[in-house]
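The values are calculated or read from the model by the stated rules, or taken from the named source; none is laboratory data. Just so it is clear, the structure is predicted and the values come from calculations on it, not from any experiment. Counting neighbours? That spans all protein chains shown, and the Cβs are built from the backbone with ideal geometry, glycine included.
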Amino acid sequence: MSTEFIMGVQFHHLPKVHYVRFHEPVELQTWVVVDTPKGPELGQVKKQAVPIESFTRQFTVDSVIKKATQDDIRQFDRNEEDAKQAFIQAKDIVKNLHLKMDMFRAEYNLDRSKLYFLFIAEERIDFRELVKELANQFHTRIDLRQIGARDRAKLLGAIGVCGLPLCCTSFLNEFDNISINRAKNQMLSLNIPKLTGHCGKLLCCLKYEDDAYTELKESLPKVGSHYRINQQTYRVSSMNVLTRVIKLQSPEHDIVFMHVDELSKQGQKVHD
């Protein structure tokens, strides 16, 4: 019989559910203290515990230390209030030091052994003096972490253009490099505002169907290729990859739409 269980825990600052270990099943909505790389943190059970042997998904190696007590919850609430004040003070210190950085959030871990400051900066920042000032002010270990625009959107959360919560807040663990070539490969209109997410970067979802489009296009004529149909030469100007309908245009600007199967029967490819 299993002596370990996996359950989904949600931390206060992250919408995403993290899977953690514990030696006994815990009821939903129960508050637990989790041992994370940042130290002990308070989280709430959001997904039912299952025996570790029956759990096939990837999960974090964090473990639950214990079920949270009322003292833990009160300590968490105090930490939240103190972190807000620490954030305000840190912004003033940054301003006085004339550092080109934007403080984003302050967080204590549960036992207050660390105080985390998240910040955004366009350039590399020498924050040694800042760390010294913060340590003197708050008398705990200071951890400054620079985040990017995608990380900021992940932490804030929002609703995407699809009407669902942002992918980065719900299931994405890592951010891939998204280039405009993916949009071109999917033959999307290069309207940057429509291809841009809340973070100001290209939409992460551009990668989801990219491989499928690449595979489908292998059986379609290339844009720019020429075909001769009924003694007339046409150039492939565009296509609908999903419906497999090809748009052909003659030098006289006559336009013909044909399914790729029809084109293969009626048209003869002209080698350029």
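Quick notes on this structure:
- Selected residue (criterion: farthest from residue 68 (Cα to Cα)) from residues of segment 2-25 that are more than 19 Å from the chain's Cα centre (by Cα) and surrounded by fewer than 18 Cβ atoms within 10 Å (Cβ to Cβ): 2
- Just one of (1) in contact with a Lys or Arg (Cβ under 9 Å, 6 or more places away or on another chain); (2) of a type in the set (A, V, I, L, M, F, W, C); (3) within 30 Å of residue 8 (Cα to Cα); (4) surrounded by 13 or more Cβ atoms within 10 Å (Cβ to Cβ) fails for residue 187. It is (3).
- The set of residues in segment 131-152 being within 17 Å of residue 85 (Cα to Cα) and without any contact (Cβ under 8 Å) to a residue 12 or more places away in the chain consists of 135, 136, 139.
- Residue in segment 162-182 that is modelled with pLDDT under 90, within 21 Å of residue 248 (Cβ to Cβ) and not basic (Lys, Arg) present: no
- Pairs linking a residue in segment 29-51 that is under 13 Å from residue 18 (Cα atoms) to a residue that is among the small types (Gly, Ala, Ser) and loosely packed, with under 15 Cβ neighbours inside 10 Å, with Cβ atoms under 9 Å and 6 or more positions apart or on different chains, are 34/63; 35/63.
- Test for residue 249: is it out of contact with any helix residue (DSSP H, G or I) (no Cβ under 9 Å at 6 or more places or on another chain), on the phi < 0 side of the Ramachandran plot and modelled with pLDDT under 90: no
- One residue stands out in segment 60-74 among those that are surrounded by 17 or more Cβ atoms within 10 Å (Cβ to Cβ) and not β-branched (Val, Ile, Thr): the one that is farthest from residue 34 (Cα to Cα), namely 72.
- Residue within segment 108-130 that is buried (at least 19 other Cβ atoms within 10 Å of the Cβ), in contact (Cβ under 8 Å) with a residue 40 or more places away in the chain and acidic (Asp, Glu) present: no
- Beta carbons closer than 6 Å, at least 6 apart along the sequence or on distinct chains, pair a first residue in segment 220-244 that is in contact (Cβ under 8 Å) with a residue 40 or more places away in the chain and over 23 Å from residue 188 (Cα atoms) with a second that is hydrophobic (A, V, I, L, M, F, W, C) and exposed (fewer than 13 other Cβ atoms within 10 Å of the Cβ) for 228/270.
- When we screen 197, 157, 163 for residues that are in contact with a helix residue (DSSP H, G or I) (Cβ under 6 Å, 6 or more places away or on another chain) and of a type outside the set (Phe, Trp, Tyr), the only hit is 157.
- Segment 11-49, residues that are in a strand (DSSP E or B) and among the hydrophobic types (A, V, I, L, M, F, W, C): 11, 17, 20, 22, 31, 32, 33, 34, 42, 45, 49
- Number of positions in segment 205-219 that are outside any helix (DSSP H, G or I) and either surrounded by 15 or more Cβ atoms within 10 Å (Cβ to Cβ) or free of Cβ contacts under 8 Å to residues at least 40 places away in the same chain (or both): 3
- Residue, surrounded by the fewest Cβ atoms within 10 Å (Cβ to Cβ), within segment 154-184, restricted to residues that are of a type outside the set (A, V, I, L, M, F, W, C) and in contact with a strand residue (DSSP E or B) (Cβ under 8 Å, 6 or more places away or on another chain): 179
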